[in-house]
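Colleague: Okay, here's the structure, questions in a sec.
The values are calculated or read from the model by the stated rules, or taken from the named source; none is laboratory data. All of these numbers come straight from a predicted model, not from anything done at the bench. No Cβ is skipped: glycine too gets one built from the backbone with ideal geometry, and neighbour counts run over all protein chains shown. Ligands, DNA and RNA are stripped out before the accessible areas are found, and what is left, the full protein with its side chains, is counted by its heavy atoms. Shrake-Rupley method; radii C 1.70, N 1.55, O 1.52, S 1.80 Å.
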Amino acid sequence: MTDTTETSALPPETSQRRSLGERFPLATLILQRLGLSALLLFAVSVLIFGGVEALPGDFATTYLGQSATPQAVANIRADLGLDRPIVTRYFEWLGGAVQGDFGNSWASGNSVSEQIGRRLGNSLFLAFFAAVVSVPLAVGLGMLAVFYRDRVPDKIINIVSLAAISLPEFFIGYLLILFFAVNMRIATFPATVYDSMGFIDRLQTIALPAATLVFVVLAHMMRMTRAAILSVMSSAYMESAELKGLSAMRAIIKHAAPNAIAPIVNVVALNLAYLVVGVVVVEVVFVYPGMGQYMVDAVTVRDMPVVQACGLIFAAFYIILNMVADIIAIVANPRLRHPR
Amino acid sequence: MRLRDVSITAWIGILGILLAFFCAIFAPWIAPFGEREIVGGVWEPMGGAYLLGTDNLGRDILSRMIFGARTTLSVAMAATIISFSLGIILSFTAAVSRGWIDQIFSRFNDLMMSIPTLIFALVVLAALPQSLIVLILVMAVLDSTRVYRLGRAVALDVAVMEFVEAAKLRGEGRIWIIFREILPNTLTPLLAEFGLRFAFSILFLSTLSFLGLGIQPPAADWGGMVKDNKDGIIFGISAALVPGGAIAALAICVNLVVDWLLKRTSSLKGGRGDA
């Protein structure tokens, strides 16, 4: 997450850029944000590759065990290309990654990109349907909580959502499995999908994992929506709208809604970013063939090319969604366009 | 603060936390069986000699829960304390010094926070050797980024106050200003944040253990117990839900107390809900 104060911290630009910036303030700001995200992504790739290489621990010794002869270790390192300098290997890796080639898995020797291509679709499918259900539900419930502020419905929503935030994802998952798949037998477990599966079948299979994800993000999103709407509703201009005699409906549509859209969209984008990460645990619980499961399996056998590729892709999704949230906030709120 | 000012929900939270700590401290004396002792058949039902039944190897779940409280709480607490010390020292140093120290720390913190915590932990744990100290340090370092962000915001508010200026003018050093001027005035919001981070650490540790990357068997740990017993779910055996429920209950209890602390200090803004 990058905060908006960063733009004001930038050094003053040259006169030519300044005039361009004055003519197209919005475009300039969005371009700046895009550039910043690209820079961030690059830094993250350095961190994921370089940081991991700098850490102690070595695939070769893990793979061969403690009693390996130095010669065997050296052979494996040469096989995997680990004996070459780190900078060379980083740029080779990055060059491949930009073209969608993440090299071969150390453990199985298969192409990482091929596996990811198949699994990324599955993960996005799951996250997409969880989002389709949870976003309207969260915004609606958040509004309901504001409408009944400090009365019984608000308090119930508050306590339930506080509890939901505290539940680990796997607990919710197993609770749903025990209830719907084992006791009532109306859902399937494990949630295995394969290529030849029809769309309806697929939807039915992901019902439980999607429900778990919905539950996980719903509480967060709802609490943040409630806070966002409340801060708009308690502002001075809403009070003056009420004092000058506008009806509640008119005040909300004309004054509150335009100002509340930005924070709500921001909340939604942030939680979508959270959703992309949330799939990791949920996929393991439901044995769903997605990116998360792939990454966790790779971590246990220290299959670094897979781990680095998955890490980079997850981080990229996270950064891009956060960037979208930032840009929407800038577009929706003219005050952010002219930082003081 | 008087005792009757504490709300009912906060009392529930405090009692829950005390119970967990009681189990953790007195585990060897109150547990009916040993931590790694196989006492009966596989997945025996609740009731009888085994209050909560037995697990996938025939170990008593209640005993393992009590010993697990010890592991889970101590690791989570150690990680939280380290992350707090690290985050606060760095963030206060940044807030007091400003200038390039602040810029370097803050930009690096932004970079660390731009990678989701769980993903970052997975990448790092894939490379590092598996040991308890590594686990605690990884959790602590990743969590300290969140502490840093709040700590810097809170400290900046205080650092511009007149009494800090006065301390600077009378020639106090940086260490004095951090520990004697700023820290006492930011204690309440930081205390609430400590609770929040502790709850998050418990959940995070349990998630890592559940994925098989946290505490290694045969040591009992709540997240790992869920993993051990998850295959029973398909047969309708709810053994995995007992430790899962305990994690949830403890996290709820901590959150209840934090929520009450936060309501008391309405001045605190930001830094919440960002897992």
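Colleague: Using protein heavy atoms only (no ligands, DNA or RNA), what is the total accessible area buried between B and A, 1.4 Å probe, nearest 100 Å²? Let's see the in-between values first.
Modeller: Working: alone 14110 and 19390 Å², together 29290 Å².
Summing both chains' loss of accessible area gives about 4200 Å².
Colleague: Here's a follow-up. In the stretch A:159-192, what residues drop by 40 Å² or more in accessible surface going from the chain by itself to the full protein assembly, probe 1.4 Å?
Modeller: A:162, A:166, A:168, A:170, A:171, A:174, A:178, A:182
Colleague: Would you give the gap between the C-alpha center of the stretch B:46-111 and the C-alpha center of the stretch A:279-312, rounded to a whole Å?
Modeller: Here the answer is 23 Å between Cα centres.
Colleague: Given a Förster distance of 22 Å, report the FRET efficiency between residue A:72 and residue A:111 from their Cβ-Cβ distance, rounded to the nearest 0.05. Could you put the intermediate results ahead of the total?
Modeller: Values: r = 26 Å, r/R0 = 1.18.
FRET efficiency, residue A:72 to residue A:111: 0.25.
Colleague: Let me ask something additional. May I ask you to derive the FRET efficiency for residue B:21 and residue B:191 from their Cβ-Cβ distance with R0 = 25 Å, giving the value to the nearest 0.05?
Modeller: Values: r = 17 Å, r/R0 = 0.68.
E between residue B:21 and residue B:191, to the nearest 0.05, is 0.90.
Colleague: Sticking with this structure for a sec: Counting heavy atoms of the protein chains only and a 1.4 Å probe, report the per residue accessible area for the protein assembly as shown as a whole number of Å². Present the calculation step by step, with values, prior to reporting the outcome.
Modeller: Numbers: 29290 Å² over 615 residues.
In whole numbers, the protein assembly as shown has 48 Å² accessible per residue.
Colleague: What residue among B:52, B:196, B:142 has the largest mean-square fluctuation in a Gaussian network model of chain B, using Cα springs under 10 Å?
Modeller: In this elastic network of chain B, the residue with the biggest mean-square fluctuation among B:52, B:196, B:142 is B:52.
Colleague: Relative contact order for chain A: what percent, with Cα pairs under 8 Å and sequence separation of 6 or more?
Modeller: Values: 318 pairs, mean separation 89.6, N = 340.
That works out to 26 percent.
Colleague: While we're on this one: Report the semi-axes of the equivalent ellipsoid for the stretch A:151-205 in whole Å, largest first, where each axis is √(5λ) for an eigenvalue λ of the Cα gyration tensor. Don't jump to the answer; show the numbers that get you there.
Modeller: On the way: eigenvalues 193, 35, 26 Å².
Over the Cα atoms of the stretch A:151-205, the ellipsoid semi-axes are 31, 13, 11 Å.
Colleague: Quick check: convex hull over the Cα atoms of chain A, volume per residue in Å³, rounded to an integer? Don't skip to the answer; put the middle values down first.
Modeller: Values: hull volume 66.8 nm³, N = 340.
Considering the Cα atoms of chain A, their hull volume per residue is 197 Å³.
Colleague: Extending each Cα 7 Å along its Cβ direction at residue A:239 and residue B:263, get the distance between those two points in nm, one decimal.
Modeller: Distance between the two pseudo-spin positions: 2.4 nm.
Colleague: Could you give me the radius of gyration and the Dmax of the protein assembly as shown, taking only the C-alpha atoms into account and expressing both in angstrom?
Modeller: According to the Cα coordinates of the protein assembly as shown, Rg and Dmax are 25.6, 86 Å.
Colleague: Hey, in the GNM for chain A with a 10 angstrom Cα cutoff, which one of A:277, A:146, A:87 fluctuates hardest?
Modeller: Answer for the Gaussian network model of chain A: A:87.
Colleague: Next question, about the same structure. Can you tell me the 0 to 90 degree angle between the C-alpha axis of helix A:25-46 and the longest principal axis of chain A, rounded to 10?
Modeller: 30
Colleague: Can you check what the Kirkwood hydrodynamic radius comes to for the stretch B:105-202, Cα pairs only, in Å to one decimal?
Modeller: On the way: mean 1/r = 0.0645 Å⁻¹.
Kirkwood hydrodynamic radius for the stretch B:105-202: 15.5 Å.
Colleague: Sorted by mean Cβ packing within 10 Å, highest first, what order do the peptides A:261-268, A:284-291 take? Display every interim value, and only then the final one.
Modeller: Working: A:261-268: 20.6, A:284-291: 23.9.
Ranked by mean Cβ neighbours within 10 Å, highest first: A:284-291, A:261-268.
Colleague: Along the positive direction of the dipole of chain A (beta-carbon charges: Lys, Arg +1; Asp, Glu -1; about the Cα centre), which of A:301, A:273, A:255 reaches farthest?
Modeller: My answer, from the dipole projection, is A:255.
Colleague: I want to verify a result. In a Gaussian network model of chain B, Cα cutoff 10 Å, which of these has the top mean-square fluctuation: B:20, B:79, B:166?
Modeller: B:166
Colleague: Measure off 7 Å from each Cα along the Cα-to-Cβ vector at residue A:27 and residue B:249, then give the distance between these two points in nanometres to one decimal.
Modeller: About 6.2 nm, to one decimal.
Colleague: Considering every Cα-Cα pair within the stretch B:164-275, what fraction, in whole percent, is farther apart than 22 Å?
Modeller: Summing the P(r) of the stretch B:164-275 above 22 Å gives 53 percent of all pairs.
Colleague: Report, to the nearest whole %, how much of the accessible area of the stretch B:135-245 belongs to carbon and sulfur atoms, 1.4 Å probe, protein only. The partial results should precede the final answer.
Modeller: Details: 2680 of 4210 Å².
Percent of accessible area from carbon and sulfur atoms in the stretch B:135-245: 64.
Colleague: For the stretch B:6-274, max minus min Cα coordinate along each principal axis, in Å, sorted largest first?
Modeller: 72, 45, 29
Colleague: Percent of alpha carbon pairs in the stretch A:118-301 separated by more than 28 Å? Walk me through the numbers before you get to the answer.
Modeller: On the way: 5966 of 16836 pairs.
Here the long-distance tail beyond 28 Å is 35 percent of all Cα pairs in the stretch A:118-301.
Colleague: Take the Cβ-Cβ distance between residue B:39 and residue B:134 as r, set R0 to 35 Å, and report the resulting FRET efficiency rounded to the nearest 0.05.
Modeller: The pair residue B:39/residue B:134 has a calculated efficiency of 0.60.
Colleague: Using only Cα atoms, what is the ratio of the radius of gyration of the stretch A:91-161 to 2.2 N^0.38 Å? Walk me through the numbers before you get to the answer.
Modeller: Numbers: Rg = 21.9 Å, N = 71, 2.2 N^0.38 = 11.1 Å.
Ratio of Rg to 2.2 N^0.38 Å for the stretch A:91-161: 1.97.
Colleague: At a 1.4 Å probe radius, which order do A:253, A:172 fall into by accessible area, largest first?
Modeller: Descending accessible area places them as A:253, A:172.
Colleague: If you rank B:70, B:264, B:59 by how much accessible surface each has, with a 1.4 Å probe, what is the order from largest down?
Modeller: Working: B:70 95, B:264 125, B:59 20 Å².
From most accessible down to least: B:264, B:70, B:59.
Colleague: Enumerate the helices in chain B for which the Kyte-Doolittle hydropathy averages 0.0 or more and the C-alpha atoms extend at least 24 Å along the helix's axis, using complete DSSP H runs.
Modeller: On the way: long enough: B:8-25 (26 Å, 2.50); B:61-97 (52 Å, 1.52); B:132-159 (37 Å, 1.51); B:187-210 (34 Å, 1.45); B:241-264 (34 Å, 1.49).
Qualifying helices, which must be both long enough and hydrophobic enough, are B:8-25, B:61-97, B:132-159, B:187-210, B:241-264.
Colleague: Give the relative contact order (percent, whole number) for the stretch B:6-274; include only Cα pairs under 8 Å separated by 6+ residues. Mind dumping the intermediate values first?
Modeller: Details: 369 pairs, mean separation 67.2, N = 269.
Value for the stretch B:6-274: 25 percent.
Colleague: How far apart, in nanometres, would the label points at residue A:230 and residue A:87 be if each is projected 7 angstrom from Cα along the Cα-to-Cβ direction?
Modeller: 5.4
Colleague: Which whole-number percent gives the relative contact order of the stretch A:118-301, counting Cα pairs below 8 Å spaced six or more residues apart? It would help to have the intermediate numbers written out before the result.
Modeller: Values: 184 pairs, mean separation 65.7, N = 184.
Relative contact order, the stretch A:118-301: 36 percent.
Colleague: Let me ask something else about it. Which order do A:45, A:108 take by accessible area at a 1.4 Å probe, largest first?
Modeller: Numbers: A:45 5, A:108 70 Å².
Accessible-area ranking of A:45, A:108, largest first: A:108, A:45.
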